[in-house]
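Novice: Got a structure here, written out as structure tokens. Questions coming.
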Amino acid sequence: MQGQHCVIADDVVMGEGTRIGNFVFIRENTIIGRGCVIGSYLDIEGDVRIGNFVSLQSGCYITRGVVIEDEVFCGPRVITMNDKRITHRRPSMTFARAAPRILRAARVGGGSALCPNVVIGENALVGAGSVVTRDVPDRAIVAGNPAVVIGRVPENEII
């Protein structure tokens, strides 16, 4: 089901049961799995892979090249970045895409920023408003700016 006022590239592949909110922009070469929830006012910049049963809440910005595995939750206004050196309009610099990867069943709290090339581990939990500048281990709880490990995800929260 697709919301109103969306722009979705012709070659986007979406799995069965995926719902799209209003004012969503999805660029080319993107694959979205089944049973996903894509919130309103959300940009997916292309060359993105999103697994099954993923929830991207409203206002997320998913930059080019991001990989999001199955059962991931991203709260409202999560942003991702893929250019470590910010090469915009600098011909002497070479752009090397370094998109984040979010592994299976990770949870990223609203307002968090995922810096280039970070990996969010399986079943990890990123606290709301965190700035993730380095990899997050599997099952770790991180928070802050920069995000640091503050605990471990309890056994009863693992999927």
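Novice: Within a Cβ distance under 15 Å of Ser55, other residues only, what is the Lys/Arg minus Asp/Glu net charge?
Specialist: My count for the surroundings of Ser55 gives +2.
Novice: With θ set to phi - 60° and the Karplus curve 6.51 cos²θ - 1.76 cosθ + 1.60, what are the ³J(HN,Hα) couplings of region 56-61 in order, to the nearest whole Hz, using x for Gly and Pro?
Specialist: Once θ is set to phi - 60°, the couplings for region 56-61 become 10, 6, 4, x, 5, 10 Hz.
Novice: Could you go through region 104-121 in sequence order and give the Karplus-derived ³J(HN,Hα) for each residue, using 6.51 cos²θ - 1.76 cosθ + 1.60 with θ = phi - 60°, rounded to whole Hz, and x for Gly and Pro?
Specialist: Once rounded to whole Hz, the list reads 3, 6, 6, 10, 10, x, x, x, 7, 10, 9, 6, x, 6, 7, 10, 9, x.
Novice: Considering the values [x] -0.55, -0.73; [y] -0.72, -0.85; [z] -0.41, -0.57, which represents log10 I(q)/I(0) by the Debye sum over Cα atoms at q = 0.11, 0.13 Å⁻¹ as calculated for the structure under consideration?
Specialist: Recomputing log10 I(q)/I(0) by the Debye sum over Cα atoms at q = 0.11, 0.13 Å⁻¹ here gives the entry labelled [z].
Novice: Taking H as built 1.01 Å from N, whose amide H comes closer than 5 Å to the amide H of Ile120, not counting residues under 5 places away?
Specialist: Amide H to amide H, under 5 Å and 5 or more residues apart or across chains, Ile120 pairs with Arg101, Ile102, Leu103, Val136.
Novice: Ordered by packing density, taken as the mean number of other Cβ atoms within 10 Å over each peptide's residues, highest first, how do 79-89, 37-47 rank?
Specialist: 37-47, 79-89
No lab work stands behind these numbers, since they all come straight from the coordinates. Note that the structure is predicted; figures quoted are calculated from it, not measured. Note that each Cβ is placed from the backbone with ideal geometry, even for glycine, and that neighbours are counted across all protein chains shown.
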